[in-house]
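Asker: Below are the structure tokens for one structure; questions will follow.
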Amino acid sequence: MQLNSLQVEVILGDITTLEVDVIVNAANTSLLGGGGVDGAIHRAAGSDLLQECRTLGGARTGQAKITGGYNLPAKHVIHTPGPIWRGGRSGENALLAASWRNSLHLAAENNCHSIAFPSISTGVFRFPIAEAAQIALGEIKEFAASPSALKSVIICCFSSKDQQVYQHALKAIAN
Ligand code: APR
């Protein structure tokens, strides 16, 4: 779907296989790897990624930091710790929005034309996925309102159920 000059699509797949300028890693604040998509990205990128992550000094929830992609087909990785779901009254929505917004802006600042996101915070961090998808697409719509280097945003879901939720959220912002 086209949102101004931004092409937005929701796919089902493994983000570590995508040949885009940058993929986003749903990290933790240490930025030193973990399970889920974080583990998959570090395994595919190789140990040089961890080496570079060690120089970053971690990240606050909602912040985004960029590294090389190493053995990944993607040129870069943007690492962002999303919020852990604690019931919705600890500012989780705003922190998740910040992860998406800061990753989009950081990609554009690094002259990336294509970016792929996983479903940040909806795995181990247990953020309810319907709300997470609404927040994500709201930030993408807001970002698309002004021109930038970014031309393509892919949301790479790991299950068809997740894909349906994000597809629904994408359709909802088009109206
Ligand atoms: N490609 C795309 N998506 C993936 C992949 C993959 N290879 N592997 C997992 N996912 C999906 C999960 O199915 C989920 O939908 O990524 C989404 C995010 O789930 P997590 O990876 O568990 O991330 P999150 O919920 O943000 O929790 C982050 O988990 O792995 C640790 O170090 C990480 O502490 C951090 C926490």
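Asker: If I ask for residues that are within 15 Å of the ligand (Cβ to nearest atom), over 10 Å from the mean Cα position of the chain (by Cα) and buried (at least 21 other Cβ atoms within 10 Å of the Cβ), which ones from the stretch 103-128 would you list? Step through it out loud before you land on a result.
Answerer: Our first condition is that a residue be within 15 Å of the ligand (Cβ to nearest atom); within the stretch 103-128, this holds for 103, 115-128.
Next cut, over 10 Å from the mean Cα position of the chain (by Cα) only: 122-128.
Of everything in the stretch 103-128, those that are within 15 Å of the ligand (Cβ to nearest atom), over 10 Å from the mean Cα position of the chain (by Cα) and buried (at least 21 other Cβ atoms within 10 Å of the Cβ) turn out to be THR122, PHE127.
Asker: Given the conditions (1) within 16 Å of the chain's Cα centre (by Cα); (2) outside any helix (DSSP H, G or I), and given that ALA132 satisfies all but one, which numbered condition is not satisfied?
Answerer: Going through the list (1) within 16 Å of the chain's Cα centre (by Cα); (2) outside any helix (DSSP H, G or I), ALA132 breaks only (2).
Asker: Given the residues ASN4, ASN25, which is the only one that is surrounded by fewer than 14 Cβ atoms within 10 Å (Cβ to Cβ) and touching a residue at least 40 places away in the same chain (Cβ under 8 Å)?
Answerer: Working: ASN25 fails: surrounded by fewer than 14 Cβ atoms within 10 Å (Cβ to Cβ).
Result of the check over ASN4, ASN25: ASN4.
Asker: Sticking with this structure for a sec: Can you list the strands (runs of 3 or more DSSP E) lying wholly within the stretch 13-102 that have 1 or more residues being at pLDDT 95 or above, near the ligand (Cβ under 9 Å from one of its atoms) and on the phi < 0 side of the Ramachandran plot?
Answerer: Working: elements: 22-27, 65-68, 76-81.
Qualifying strands (runs of 3 or more DSSP E): 22-27, 76-81.
Asker: Just the residues that are over 16 Å from the mean Cα position of the chain (by Cα) and of a type in the set (A, V, I, L, M, F, W, C), please, taken from the stretch 43-71. Quick ask: steps written out before the conclusion?
Answerer: Residues of the stretch 43-71 over 16 Å from the mean Cα position of the chain (by Cα): 43-58, 70-71.
Result: ALA44, ALA45, LEU49, LEU50, CYS53, LEU56.
Asker: Hey, another quick one. Hey, can you tell me all the residues within the stretch 103-129 that are among the aliphatic types (A, V, I, L, M) and not in a loop (DSSP other than H, G, I, E, B)? Working first, answer last.
Answerer: Initially, the stretch 103-129 is screened for residues among the aliphatic types (A, V, I, L, M), giving 104, 106-108, 115-116, 120, 124, 129.
If the condition is that a residue be among the aliphatic types (A, V, I, L, M) and not in a loop (DSSP other than H, G, I, E, B), then LEU104, LEU106, ALA107, ALA108, ILE115, ALA116, ILE129 are the ones that fit.
Asker: If we scan the stretch 148-161, do we find a residue that is in contact with a strand residue (DSSP E or B) (Cβ under 9 Å, 6 or more places away or on another chain), under 12 Å from VAL22 (Cα atoms), crowded, with 17+ Cβ neighbours inside 10 Å and not aliphatic (A, V, I, L, M)?
Answerer: no
Asker: Can you list residue pairs whose Cβ atoms sit under 6 Å apart, with the first residue in the stretch 149-165 being farther than 13 Å from LEU137 by Cβ and touching a residue at least 60 places away in the same chain (Cβ under 8 Å) and the second being more than 10 Å from the ligand (Cβ to nearest atom) and aliphatic (A, V, I, L, M)? Count only pairs 6 or more apart in sequence or on different chains.
Answerer: LEU150/ALA107; LEU150/ALA108; GLN163/VAL10
The values are calculated or read from the model by the stated rules, or taken from the named source; none is laboratory data. What you see is a predicted model, and the numbers here were worked out from it, not measured in a lab. Because the Cβ atoms are built from the backbone with ideal geometry, glycine has one as well, and the counts that use them run over all protein chains shown.
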